[in-house]
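First up is the structure itself, then whatever we jot down about it.
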Amino acid sequence: MKLLLILIALLFPVIAEAVAPVTLIWQDNSNNEAGWIIEQKLNTGSYVVIANNVPANQTTYTVSNLVQSSLVDNVYCFRVKGFLGTIQSGYTNEACHTVLKLVAVNAPTGLTVTPLSQSRLDLKWHEYCYECVAQEIVVIQTNPLKNYSYTVAPTTETYIVEGLPKNKNVSVKVHGELPDGTFTPYK
């Protein structure tokens, strides 16, 4: 009994709270199996049986209990074998599916702005974007309208803005830059 296993995965974005199920598809090259046994392993762990009596002639099985970790990517591998009484076939090839780790893309929080002089500001905030490659501070001057932009390291949580025009009203925003060039919301 020779089997071929194909994995079909429906992917949600990385920041999804739920993980989409995967559907296993294999080729039934036997005409006398009583059913199928499906095994799964997570990362470098051992295989465990997740279904031990999939009906004969069925060639698909959906796995919906995959989880997304906030620490590591989870690699789920699957294999299938047929059985007839106590006789079991060899395993199919291994088919694997990676569930990427949960990525925090939250905007910085708790932004405080303390004037140090008429042209200097002390900024403090909390950075919660673990995947950010940088942060951008934008100081917006009103009347006349002018923007000042400062790029800082992704883990920066304090910054002193210097050299602003004296006696001008400004607002301040901070956001993180993601690896693909997009940004988190402003804070």
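The values are calculated or read from the model by the stated rules, or taken from the named source; none is laboratory data. Remember, it's a predicted structure, so these values are computed and weren't measured experimentally. Positions of Cβ are generated from backbone atoms using ideal geometry, with glycine treated the same way; all protein chains shown enter the neighbour counts.
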* Structure fact -> Going through the range 21-46 in order, the residues found to be among the hydroxyl-bearing types (Ser, Thr, Tyr) and in a loop (DSSP other than H, G, I, E, B) are Ser30, Thr44, Ser46
* Where a residue in the range 26-38 is assigned by TED's automatic domain parsing to the domain that holds Thr59 and its partner, wherever it lies, is charged (D, E, K, R) and at pLDDT 90 or above, with Cβ under 7 Å and at least six apart -> Ile37/Lys81
* For the range 127-142, indicate whether the set of residues that are loosely packed, with under 15 Cβ neighbours inside 10 Å, part of a loop (DSSP other than H, G, I, E, B), touching a Phe, Trp or Tyr at 6+ places or on another chain (Cβ under 7 Å) and outside the structural domain of Thr44 (by TED's automatic domain parsing) is non-empty. => no
* **Pairs, first charged (D, E, K, R) in the range 143-154, second at pLDDT 85 or above, C-beta under 8 Å, six or more apart** => Lys146/Ile140
* **Ser70 being modelled with pLDDT under 80 and on the phi < 0 side of the Ramachandran plot** => yes
* Asn57 fails exactly one of the following numbered conditions: (1) on the phi > 0 side of the Ramachandran plot; (2) without any contact (Cβ under 8 Å) to a residue 24 or more places away in the chain. What is the number of that condition? -> (2)
* Take the residues in the range 31-68 that are polar (S, T, N, Q) and buried (at least 16 other Cβ atoms within 10 Å of the Cβ), then tell me which one is farthest from Asn93 (Cα to Cα). => Gln68
* To do: Might you let me know whether the range 155-162 holds any residue that is assigned to a loop (DSSP other than H, G, I, E, B), at pLDDT 85 or above and under 21 Å from Gln118 (Cβ atoms)?
  => yes
* **Test result for Gly45, touching a residue at least 24 places away in the same chain (Cβ under 8 Å) and either of a type in the set (A, V, I, L, M) or not assigned by TED's automatic domain parsing to the domain that holds Ile140 (or both)** => no
